[in-house]
Amino acid sequence: MLSSHRSASCATRDSGFGSRLCRSRPRPGDPWGGVQMAQHRPVPVKVGRSSEDRRSRHCPYLDTINRSVLDFDFEKLCSISLSHINVYACLICGKYFQGRGLKSHAYTHSVQFTHHVFLNLHTLKFYCLPDNYEIIDSSLEDITYVLKPTFTRQHISGLDKQGKLYRAYDGTTYLPGIVGLNNIKANDYANVVLQALSNVPPLRNYFLEEENYCGIRRPPGDIMFLLVQRFGELMRKLWNPRNFKAHVSPHEMLQAVVLCSKKNFQITKQGDAVDFLSWFMNALHGALGGTKKKPSSLTKVFQGSMRIFSKKLPHPDLPPEEKVALLLKEEYQEEMSESTFLFLTLDLPTAPLYKDEKEQLIIPQVPLFNILAKFNGNTEKEYKTYKENFLKRFQLLKLPPYLIFCIKRFTKNNFFVEKNPTIVNFPITNVDLREYLTEEAQVTEKNTTYDLVANVVHDGKPTEGAYRMHVLHHGTGKWYELQDLQVTDILPQMITLSEAYIQIWKRRENEDDTTNHTGA
């Protein structure tokens, strides 16, 4: 009769010595390592780990593993208890269960369904249940790599120098980095931003190495660092050359977004890509230890500065004499200030309200340089607040290595959201911004020419539309269109026909640094 603390379903096997052994949990001081005689026969058993090693390295159930059902993109919690603690993945059906001891959910699952191989999602160790021994086998390394991809500096340095296609376990081929993101319900507004940022090499390289940020200290109870961790995990999955499938689900990343934004951005409700970009970049900057004065790895990539000239205007309903008198006062004189920016907002001209003779709406077009004139230091624009009106003009002081344009397509008021469908005509390469710099900055800034690397597009109505994005693969020089799980190549000249909403441009660091654009 076995004592009550032992495993009820202990494995009875032929020991090779002519009697049967029953494996149970070892008791303190047990010289036999938990091996007990089933019939109390005096059988010679070697003391030590030899029996354990034989089973660990010769598990008979490895061929039952089903890699096609393994998906580590979702939250690591038990499918029964919904606990995050001590969670194991069943490698036969792909489900998550808690614990591996007697009466645990993983143990019960292994007995009920005869699924024997489990992976601890935290320690990355493999176990055979219900026998409860660790499995040591090099053939399982591909599974741990999919769960937690790692990148060497040598690997990272070569990411943009080759365009090798990799084959996923399901047989599909893909380019690391050019990978579709699952649209769970209405999160394509966030997907396009995450995909665009993941193709900015200095930002990508920083997040591919967890050592770069794992030592950042945050105040106790600070949840915002979860954004950094999840974004790093997503980045490594998107660039993993050994994926089991050619797409990634951003489920854990988006759960962190919902939590850290206090549900301002959700998975089930369509959001605005520019609003999300603004919040996400500022949240990342703060979580990485950045402040208004202290830069972070994010601001080193995207932050520029500008000079703002602002002049207060008299109320438009005042008599002309009073307006003239007010304009002479000091508070109505033009003031200059300097400010940093992570992206530049470009204003579109008002779209026409009338149809042409054929009853078709005219889709207006505007050159990029027309809307960039906002930053030439001369163009004035009126800004209205609840109480006061201001006239402002802008001029750039410092250009960042990567420059983001947000094209203002939506006008919001208390009743509805209106979209401006104006097409912006832009060259994909060789955009020189020198004329928008101050005279002093034109002398100090050596490189002012930019090439497009990512283009986010909004299609359809303001509240019911969908997002897609175009991205340049640096290794091949080819452009690709990504919309949810779909990845297709696209001709560069087709990109300029879309309703561009967010654009990321890369600065050339020298004359020889021409970004590889095939067919541009």
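The values are calculated or read from the model by the stated rules, or taken from the named source; none is laboratory data. Everything quoted here is computed from the prediction, not taken from an experiment. All Cβ positions, glycine included, derive from the backbone under ideal geometry; neighbour counts span all protein chains shown. Surface accessibility is based on the protein's heavy atoms, side chains included, excluding ligands, DNA and RNA. Shrake-Rupley method; radii C 1.70, N 1.55, O 1.52, S 1.80 Å.
Overview of values
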read-out: Test result for GLU382, open to solvent by 60 Å² or more (accessible area, probe 1.4 Å) and closer than 26 Å to PRO314 by Cα; value: yes
read-out: Flag for SER297 being open to solvent by 40 Å² or more (accessible area, probe 1.4 Å), small (Gly, Ala, Ser) and either free of Cβ contacts under 8 Å to residues at least 24 places away in the same chain or over 30 Å from GLU418 (Cα atoms) (or both); value: no
read-out: Wholly within the range 364-426, strands (runs of 3 or more DSSP E) carrying at least 2 residues that are touching a residue at least 24 places away in the same chain (Cβ under 8 Å); value: 365-367, 381-384, 389-398, 402-408, 417-419, 423-425
read-out: In the range 102-117, residue nearest to SER56 (Cα to Cα) [restricted to those that are surrounded by 14 or more Cβ atoms within 10 Å (Cβ to Cβ) and not aliphatic (A, V, I, L, M)]; value: HIS116
read-out: Some residue of the range 292-308 being over 30 Å from ARG468 (Cα atoms) and among the small types (Gly, Ala, Ser); value: no
read-out: The listed residue being of a type outside the set (Phe, Trp, Tyr) and either closer than 26 Å to ILE65 by Cα or not in a helix (DSSP H, G or I) (or both), out of PRO149, PRO202; value: PRO149
read-out: Filter pass, ALA325 being out of contact with any strand residue (DSSP E or B) (no Cβ under 9 Å at 6 or more places or on another chain), under 25 Å from ILE502 (Cβ atoms) and open to solvent by less than 100 Å² (accessible area, probe 1.4 Å); value: no
read-out: Cβ-Cβ under 9 Å pairs, at least 6 apart or on other chains, the range 336-347 side closer than 19 Å to THR291 by Cα, far side open to solvent by 50 Å² or more (accessible area, probe 1.4 Å); value: THR340/LYS292; THR340/GLN303; THR340/LYS398; PHE341/GLN303; LEU342/ASN282; LEU342/GLN303
read-out: Residue within the range 355-367 that is open to solvent by 70 Å² or more (accessible area, probe 1.4 Å) and modelled with pLDDT of 95 or more present; value: no
read-out: Strands (runs of 3 or more DSSP E) (entirely within the range 466-520) containing at least 1 residues that are at pLDDT 90 or above, open to solvent by less than 40 Å² (accessible area, probe 1.4 Å) and over 23 Å from LEU342 (Cα atoms); value: 466-473, 478-483, 486-490
read-out: Number of positions in the range 198-213 that are within 22 Å of VAL258 (Cα to Cα) and without any contact (Cβ under 8 Å) to a residue 40 or more places away in the chain; value: 1
read-out: Residue in the range 393-441 that is farthest from the chain's Cα centre (by Cα), counting only those that are of a type in the set (Lys, Arg) and open to solvent by 60 Å² or more (accessible area, probe 1.4 Å); value: ARG434
read-out: LYS292 vs. criteria over 16 Å from the mean Cα position of the chain (by Cα) and under 25 Å from ASP73 (Cβ atoms); value: no
read-out: Residue in the range 209-231 that is touching a strand residue (DSSP E or B) at 6+ places or on another chain (Cβ under 6 Å), open to solvent by 10 Å² or more (accessible area, probe 1.4 Å) and closer than 25 Å to ASP484 by Cβ present; value: no
read-out: Criterion violated by PHE97 - all others in (1) in contact with a Gly (Cβ under 8 Å, 6 or more places away or on another chain); (2) open to solvent by less than 30 Å² (accessible area, probe 1.4 Å); (3) modelled with pLDDT of 95 or more satisfied; value: (1)
read-out: Residue in the range 47-71 that is modelled with the lowest pLDDT, counting only those that are β-branched (Val, Ile, Thr) and open to solvent by 50 Å² or more (accessible area, probe 1.4 Å); value: VAL47
read-out: Count of residues meeting criterion [polar (S, T, N, Q) and open to solvent by 10 Å² or more (accessible area, probe 1.4 Å)] in the range 182-194; value: 2
read-out: Output for the range 235-255, where each listed residue is of a type outside the set (Asp, Glu), open to solvent by 10 Å² or more (accessible area, probe 1.4 Å), in a helix (DSSP H, G or I) and out of contact with any strand residue (DSSP E or B) (no Cβ under 6 Å at 6 or more places or on another chain); value: ARG236, HIS251, GLN255
read-out: Matching option when the condition is aliphatic (A, V, I, L, M), without any contact (Cβ under 8 Å) to a residue 24 or more places away in the chain and part of a helix (DSSP H, G or I), among VAL258, VAL193, VAL274, VAL228; value: VAL258
read-out: Test for TYR450: is it in contact (Cβ under 8 Å) with a residue 40 or more places away in the chain, of a type outside the set (S, T, N, Q), within 17 Å of GLY180 (Cα to Cα) and outside any loop (DSSP other than H, G, I, E, B); value: no
